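Read the structure below first, then the notes.
A short reminder: the numbers here are calculations on the coordinates, not readings from a lab. Keep in mind that this is a model prediction, so the values were computed, not measured. Heads up, the Cβs are rebuilt from the backbone with ideal geometry, glycines too, and the neighbour counts pull from every protein chain shown.
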Amino acid sequence: MKPEKVLFSESQIHKRVEEIAAEIEYDFAKRHLAIVALLEDSLVFMADLIRKIDVEMVCYFMKADIEEDEQGVSCIKKIVYSPELNIHEKDVLLIGGVLDTGITLDFLTKHLLQGRPNLLKICYLIDKPQSRKISIKADYAGFVVNMPDPDYVVGYGLGYENKYRNLPYIGVLHAA
C-alpha cells in the first residue's frame, strides 16, 4: 500500500519548517530552551526544526503509550524518557507529529507541568482539529489537515504501522 495523494511536498515542508523555526527563535530569543520531542512521529520534524533555531537548547526524548477507554478517559500504559527530564524552571517546547484527539497531549502537558517549567509551548507538524475530543491547541502548527477517519497522514517521519516514515513528503493513506 502506498499513499494515494501527496498533501505537502518536500519543498512545502521545508519552507514551513523554516517559518516555524523563525517564530520559535523570535519567541525564545536569548532564552535557554528545553526541547522535548515525542517519539517516533516527531523525529524527522524535530531534527530539521532544531537545526534552524539559533538559541541555546538541550534536547530530551519522550515516548508515551496512552490508551483511551470507552468513556474517552485516558489511562497511561507507560512513559519513557531519554534521559530523565530536567525541566524545572526551564522554558520547554514540546514537539509532536500529529495532534488529533488531544487526549495524549492533554495527559502529557499535565505531566510535564508537574515538573514546574517556567513556560511550556507546544509545536506539532500536523494539526487535525476535526478529530479533537479535548479542547487543546498547539502554539505552533506546521499544517492544519481536515480529513475523514480512518485516513492517515504519513511520510516525513509520520508512520502507519511503523512504515512510510522515510518518505520525503506528507501523503494520505486510506487504511481500512
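Data for the structure
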{"item": "Long-range amide H partners of ALA37 with built H, under 5 Å", "result": "TYR60, PHE61, MET62, ILE95"}
{"item": "Charge dipole (debye, nearest 20) of the range 9-147; +1 at Cβ of Lys and Arg, -1 at Cβ of Asp and Glu", "result": "200"}
{"item": "Kirkwood hydrodynamic radius over Cα pairs of the range 121-167, then Stokes diffusion coefficient at 10 °C and 1.306 mPa s, in µm²/s", "result": "135"}
{"item": "Cross-link pairs beyond the 19 Å C-alpha cut-off, checked among LYS2/LYS163; LYS15/LYS90; LYS15/LYS137; LYS52/LYS110; LYS15/LYS121; LYS30/LYS137", "result": "LYS15/LYS90; LYS15/LYS137; LYS52/LYS110; LYS15/LYS121; LYS30/LYS137"}
{"item": "Charge dipole (the chain, unit charges on Cβ, about Cα centre) - positive-most of MET147, ILE170, ILE50", "result": "ILE50"}
{"item": "P(r), alpha carbons of the range 91-176 - 10 Å bins starting at zero, rounded %", "result": "17, 46, 29, 8, 0"}
{"item": "Given (i) 10.0; (ii) 11.3; (iii) 13.4, the label whose value is mean projected area of the Cα convex hull in nm² derived from this model", "result": "(i)"}
{"item": "Over the range 85-130, equivalent-ellipsoid semi-axes from the Cα gyration tensor in Å", "result": "21, 11, 7"}
{"item": "Per-residue [θ]222 nm for the chain (sum of -39500 (n - 2.57) over DSSP H runs n ≥ 4, rounded to 500)", "result": "-6500 deg cm²/dmol"}
{"item": "Net charge of neighbours whose Cβ lies under 14 Å from the Cβ of GLN12, counting Lys and Arg as +1 and Asp and Glu as -1", "result": "-1"}
